[in-house]
1. Would you confirm whether any residue within segment 138-152 is in contact (Cβ under 8 Å) with a residue 60 or more places away in the chain, in contact with a Ser or Thr (Cβ under 7 Å, 6 or more places away or on another chain) and surrounded by fewer than 20 Cβ atoms within 10 Å (Cβ to Cβ)?
2. Among the residues of segment 451-460, which ones are open to solvent by 10 Å² or more (accessible area, probe 1.4 Å) and at pLDDT 90 or above?
3. Which condition breaks for Leu227 when tested against (1) assigned to a helix (DSSP H, G or I); (2) under 30 Å from Tyr293 (Cα atoms)?
4. What number of residues within segment 185-199 are open to solvent by 60 Å² or more (accessible area, probe 1.4 Å) and either outside any helix (DSSP H, G or I) or touching a strand residue (DSSP E or B) at 6+ places or on another chain (Cβ under 7 Å) (or both)?
5. For residues that are of a type in the set (S, T, N, Q), open to solvent by less than 20 Å² (accessible area, probe 1.4 Å) and more than 16 Å from Ser469 (Cα to Cα), tally how many sit in segment 492-525.
6. For Glu282, work out the one condition from (1) within 30 Å of Ala481 (Cα to Cα); (2) not in a helix (DSSP H, G or I) it doesn't fulfil.
7. Filtering segment 43-56 down to residues that are touching a residue at least 24 places away in the same chain (Cβ under 8 Å) and of a type outside the set (A, V, I, L, M, F, W, C), which residue is farthest from Leu145 (Cα to Cα)?
8. Which of the residues spanning segment 181-239 are among the β-branched types (Val, Ile, Thr) and under 20 Å from the mean Cα position of the chain (by Cα)?
Amino acid sequence: MQASTTATGPASAGEGLGTGDGLGLSRTGMAFAVLLAGVSAWFLVWGLGYTNHSNVTIFVLATLFGIFMAFNIGGNDVANSFGTSVGAGTLTIRQALLVAAVFEVSGAVIAGGEVTDTIRSGIVDLSAVQFEPMQFVYIMMSALLAAALWLMFASRRGWPVSTTHSIIGGIVGSSITLGYIATGGSGAFALVHWDQIGTIAISWVLSPVLGGLVSYALFFQIKKHILQYNDKMNERLVGFKQERRKLNEEHKTAFERLSELQKISYTNTMVRDAQIMLGEEEFSKEELESDYYRKLHDIRSERDSLAAYRALQNWVPIIAAVGAAIISAMLLFKGLKHMHLGLTTLNNYLIIGMVAAAVWMATFIFAKTLKGNSLDRSTFLMFSWMQVFTASGFAFSHGANDIANAIGPFAAIIDVLRTGDVGSQAAVPAAAMITFGVALIAGLWFIGKEVIRTVGHNLTTMHPASGFSAELSAAAVVMMASAFGLPVSSTHILIGSVLGIGLVNKQANWGLMKPIAMAWIITLPAAALLSSAAFLVLLSVF
């Protein structure tokens, strides 16, 4: 079974998740704390100039809320994205941190988009009420704080939840509160586009179901054609080792029965046979004189004709090529869509094809070089490389889309502070992306442990082959949903993909899934209530 393919891996599912791996205030933790404090101070100085020192107290408070929000995105959303890699033993938490730092932050800064809508996804329409620009700032500040608090609570519980739904809930809650104050309650709920809320409710079911179906189908085929085939080959290889051990024992017993003269003669015969087997690549069995080397030749010939590495050489390169195509498509059509590279659809498809072909060739050659090594170890290495590739691509796309969108409220805040007016769109300064990116990685380091445990180990046991399947399935569903305009959540999709793996292996932890599903449902109303309370406090204080 699949467990045998990972026995030789560098880390078990639990390794790298405990306090011994540095999630507390170790040297690395202290370094991140100092880095976060330094970057935050730098941004405050920069931001005061950017906003023309307008409403300094509000700006400082909003910055703290925004950094706190990014910190908790790292602890939940990014931890969720890398949970399968850490749980599978493909990456340690430090390695996951490095990959996240490079690809998540690069995605946010390079391809995060130049502008973001101030009212997310058309969820609320404030045009029906009269409000002041600073009230709009309070709405966004409340949404940031509420979403961050809910994400922190969920992270401490180990529940992977949607950052997008948290932000939407926060904006809805504070906007309804403003509407209630402005209209006396008559038109407060009319500000919300409830059809959009309905699509979010649909995503609670649609996202994990789609993720689970695709993951189940992919991993079932991988397990059938690669992992189970390798298990059979391993059994045969072990059988050959036992045959050789038995042959050695029989030879030793027979040799000891010979007379001294016979031993000398037989030893000379063995030496000549050994020279033939070691020195000549092509020779026939008839050239061998001793029964021992003839039988050993039979065992080796049968072993060499076994084609033990056929699955790794035939199937894995094809799967790797498909995975490369999907990840490339995600990067070109989602991750880099804001960069306006001037590529046509045909250009994109040609690039995808070239990347897939290059990955197929590289994986095939890599599989050839592994022949003769441990079959378990070779399987682990190949899927580990493939999983790191999918995790990196997923991280870049995540940084380019979800992180940039999540700090949209903060971009709206500083735009109002800078201009004194509420625009339909607000610029996202690169300085904010960098600062929030550092906060995001710090959040992964300090509070991402429980979510990583949940996704990478507690829902089901993860190994490189299953982790690769879950990540690739999630990426494929995200792309498919984008193409068809389906309302989905990348977080929910990945959890569904992990459960799909559990169904194949018959070890899904449905008991743990119950509180996670409940957390998904209450994310929006919980964030809305927290945001409403925060909005009232801000109104009363300022």
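The values are calculated or read from the model by the stated rules, or taken from the named source; none is laboratory data. This structure is a prediction, so every number in the text was calculated from the model and none was measured. Quick reminder, even Gly has a Cβ in these numbers, built from the backbone with ideal geometry, and neighbours come from all protein chains shown. Just the protein is used for accessible areas: all its heavy atoms, side chains included, with ligands, DNA and RNA removed. Shrake-Rupley method; radii C 1.70, N 1.55, O 1.52, S 1.80 Å.
1. no
2. Our first condition is that a residue be open to solvent by 10 Å² or more (accessible area, probe 1.4 Å); within segment 451-460, this holds for 453, 457-458.
Within segment 451-460, just Asn458 meets the criteria.
3. Result: Leu227 passes all but (2).
4. Taking segment 185-199 first, the residues open to solvent by 60 Å² or more (accessible area, probe 1.4 Å) are 186, 189-190, 193-196.
Going one step further and asking which of them are either outside any helix (DSSP H, G or I) or touching a strand residue (DSSP E or B) at 6+ places or on another chain (Cβ under 7 Å) (or both), we end up with 186, 193.
Going through segment 185-199 one residue at a time, the tally reaches 2.
5. Going through segment 492-525, the residues of a type in the set (S, T, N, Q) turn out to be 497, 505, 507, 509, 523.
Restricting the remaining residues to those that are open to solvent by less than 20 Å² (accessible area, probe 1.4 Å) gives 497, 523.
Okay, now just the ones that are also more than 16 Å from Ser469 (Cα to Cα), so 523.
Summing the residues that are of a type in the set (S, T, N, Q), open to solvent by less than 20 Å² (accessible area, probe 1.4 Å) and more than 16 Å from Ser469 (Cα to Cα) in segment 492-525 gives 1.
6. (1)
7. Taking segment 43-56 first, the residues touching a residue at least 24 places away in the same chain (Cβ under 8 Å) are 43, 46-47, 50-52, 54-55.
Next, from what is left, pick out any that are of a type outside the set (A, V, I, L, M, F, W, C): 47, 50-52, 54-55.
Details: Gly47: 19, Tyr50: 22, Thr51: 21, Asn52: 24, Ser54: 21, Asn55: 18 Å.
Within segment 43-56, the match that is farthest from Leu145 (Cα to Cα) is Asn52.
8. Residues of segment 181-239 that are among the β-branched types (Val, Ile, Thr), as a first pass: 181, 183, 192, 197, 199-200, 202, 205, 209, 214, 222, 226, 238.
Answer for segment 181-239, where residues must be among the β-branched types (Val, Ile, Thr) and under 20 Å from the mean Cα position of the chain (by Cα): Val209, Val214, Ile222.
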